[in-house]
Amino acid sequence: MTERTDKEWKKFGKLCPYFGVLSDQKYLPENLSTQSLDDFFESGRTHVKETIGWINDEIPGFIPERLLDFGCGTGRLTIPFSSFAEQVVGVDVSEEMLSLARKNSLQFKRTNIDFLSLHELLEEEKEGFDLIFSFIVFQHIEKKRGEEILQRLLGLLNPNGLIIIHLTYHFTKNSRAHNFATFLRKNFSVINRVLNWRLGKPQYFPLMLMTNYDLNRVFKIFQTGKFKILSIKYTDHGGHLGLVIMASNEI
């Protein structure tokens, strides 16, 4: 499963990187324009502005020196975060996504951003972070691996640091027919192409894994690590229900 999810996400990086980040038809390669790219990055600026406001509501005056955007994609959130933190690190499993993110950060003239692969972060990174952020990312990681990565990220947080992470836990449209179709699409590429065609999507479009996390296990990870839950927000993306959890390891 680990190899499959990484492989599929790397396909998004090669075939439709912006659509892989935000699933809107205007971000498909054949529909990309100056206006759609402006919309893409404006949505990132809006999200970051709202996030900073949320942080200030909970911890007035909190300004991170070093910030991690986990699952940075093409830099939609990483780039505006660079106006909030002294140094920002973007991480993604797709080298194609990282290449585009580097290009985009240069276009926006941001010089305080570094981009790393997932391996470089988990196996080689020695410095900690004051803020770790991840949104609409863990839902595409297999559950057991996602829990392991969450624990690793918590270990990278500096004292009195903050983590904001989005996790999905329930799909309201779940059914036997849906599960069977997903099984077929995972295991038979020709069926995936046919169903993409029936759904009006490009036939090359990869299957996007969606993961529901066991919140009992998630909150146990936070409690065992002595993290304080500061705030929670609900999300609903097309019936995929989730939580954005803000937690601190304040000492």
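The values are calculated or read from the model by the stated rules, or taken from the named source; none is laboratory data. All values derive from a computational prediction rather than experimental measurement. Note: ideal-geometry Cβ built from the backbone for every residue, glycine included; neighbour counts use all protein chains shown. Remember, those area values only see protein heavy atoms, side chains included, never the ligands or the DNA or RNA. Shrake-Rupley method; radii C 1.70, N 1.55, O 1.52, S 1.80 Å.
Considering only Phe129, Phe222, Phe138, the Gaussian network model of the chain with Cα springs below 10 Å gives its largest mean-square fluctuation to Phe222. The C-alpha radius of gyration of the chain, expressed as a fraction of 2.2 N^0.38 Å, stands at 1.00. Computed extension gain for Asn158 through Thr111, at 0.36 nm per residue and net of the alpha carbon distance, reaches 14.6 nm. Per-residue extension of 0.36 nm, minus the Cα-Cα distance of Glu50 and Val190, leaves a gain of 46.2 nm for this segment.
Restricting the trypsin sites (Lys or Arg not before Pro) of segment 89-133 to loop positions (DSSP other than H, G, I, E, B) with no more than 13 neighbouring Cβ atoms within 10 Å leaves Lys109, Lys126. Other residues whose C-beta falls under 12 angstrom from the C-beta of Thr168 contribute a net charge of -1, scoring Lys and Arg +1 and Asp and Glu -1. Estimated from helical segments only, the mean residue ellipticity of the chain at 222 nm is -13000 deg cm²/dmol, where each DSSP H run of four or more residues counts as -39500 (n - 2.57). Between Asp39 and His170, the simple spin-label model (points 7 angstrom out along Cα→Cβ) gives 3.2 nm.
Taking only Cα atoms and a 10 Å spring cutoff, compute GNM fluctuations for the chain and point out the largest among Gly61, Gly20, Gly44. Among Gly61, Gly20, Gly44, the largest GNM mean-square fluctuation belongs to Gly61. Per residue, the convex hull spanned by the alpha carbons of segment 1-133 comes to 114 Å³. Tell me, what % of the accessible area of the chain is carbon and sulfur with a 1.4 angstrom probe? Within the chain, the accessible surface is 51 percent carbon and sulfur. Please report the antiparallel percentage of DSSP beta bridges with both residues in the chain, rounded to the nearest 5. Counting DSSP beta bridges with both partners in the chain, the antiparallel share is about 50 percent. Add +1 for every Lys or Arg and -1 for every Asp or Glu among the other residues with Cβ under 13 Å from the Cβ of Thr46, and state the total. Around Thr46, the charge tally is -1. Using C-alpha pairs below 8 Å separated by at least 6 residues, the relative contact order for the chain is 18 percent.
In this structure the chain gives 52 Å² per residue of accessible area when probed at 1.4 Å with all protein chains present.
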